[in-house]
1. Restrict the check to the stretch 80-88 and report whether at least one residue is assigned to a loop (DSSP other than H, G, I, E, B), touching a residue at least 12 places away in the same chain (Cβ under 8 Å) and at negative phi.
2. Just need a number here: residues in the stretch 99-149 that are among the aliphatic types (A, V, I, L, M) and part of a helix (DSSP H, G or I).
3. Hey, could you check the stretch 160-204 for residues that are surrounded by 19 or more Cβ atoms within 10 Å (Cβ to Cβ) and either aliphatic (A, V, I, L, M) or more than 27 Å from LEU127 (Cα to Cα) (or both) and say which is modelled with the lowest pLDDT?
4. So, in the stretch 36-78, of the ones that are basic (Lys, Arg) and more than 24 Å from the chain's Cα centre (by Cα), which residue ends up farthest from ALA22 (Cα to Cα)?
5. For residues that are among the β-branched types (Val, Ile, Thr) and either in contact with a Phe, Trp or Tyr (Cβ under 7 Å, 6 or more places away or on another chain) or modelled with pLDDT under 95 (or both), tally how many sit in the stretch 59-116.
6. Taking the condition of being farther than 13 Å from VAL25 by Cα and free of Cβ contacts under 8 Å to residues at least 24 places away in the same chain, how many residues in the stretch 58-71 meet it?
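The values are calculated or read from the model by the stated rules, or taken from the named source; none is laboratory data. Treat the numbers as computed from the prediction; the structure is a model and nothing was measured. As a convention, Cβ positions derive from the backbone with ideal geometry for all residues, glycine included, and neighbour counts pool all protein chains shown.
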Amino acid sequence: MAKLIKSVGSIKLRDPSDDPFAALVRSIMYQQLAGAAATAIHGRFLKLFAGGLSPAAVLALEDGAMRSAGVSGAKAAAINDLAAKVGDGTVPLGDVESLSDDELVARLVQVRGIGRWTAEMFLLFQLRRLDVWPVDDFGVRKGWSTTHRLKEPITPRALQAEGERFRPYRSIAAWYCWRAVDTVLPVSADSARLSPKVPNSRPRGARLAPKVRNSRRS
């Protein structure tokens, strides 16, 4: 891992959204869609909200409005469910600092269309939580396996155990695992070049903000 960190350099992430609700809606919108198609549908969806996107505005939409923008029935139901659960406090986006990582994930996965992976990406990239370890993410598994010269991708269970050494900064280890899949490490001459493909959900851009809330973390 030390060689990888030296080769890749400092962590770089895109700035988080100013609106965590909008970030979660976008995560739902982009599921199982190619980037261009998702961008187009997301753009039409946002045009439905002249006064701005909010849970209340979503719930006030007329039936069929999201479908007219190209949003599938399943995603429309998921977005409505998210809006309802933010509104009733199940997902307290205005008070996330009071929840540990595990508590917040448990709240988020109650929303239709949001699984553990989506919740973990939200914590890591939107909230900048420092101790997220997405062991079910294939990119993290592949990056770990590449860095440690494993013949097969490590299993989630084994990766969970390996991650213990990086507490309470497992998010940083995960980021470097993602970068490992498109990085050539300066090691022996027979090192194979790794795949240049990196999951689109790994935002790049600004440096990782160190000012992460020190609320009760998992």
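1. No, the stretch 80-88 has no match at all.
2. Of the residues in that region, 9 qualify.
3. Filtering first and then ranking leaves VAL181.
4. Of everything passing the filter in the stretch 36-78, ARG67 is farthest from ALA22 (Cα to Cα).
5. Counting residues in the stretch 59-116 that are among the β-branched types (Val, Ile, Thr) and either in contact with a Phe, Trp or Tyr (Cβ under 7 Å, 6 or more places away or on another chain) or modelled with pLDDT under 95 (or both) gives 3.
6. The qualifying residues number 8.
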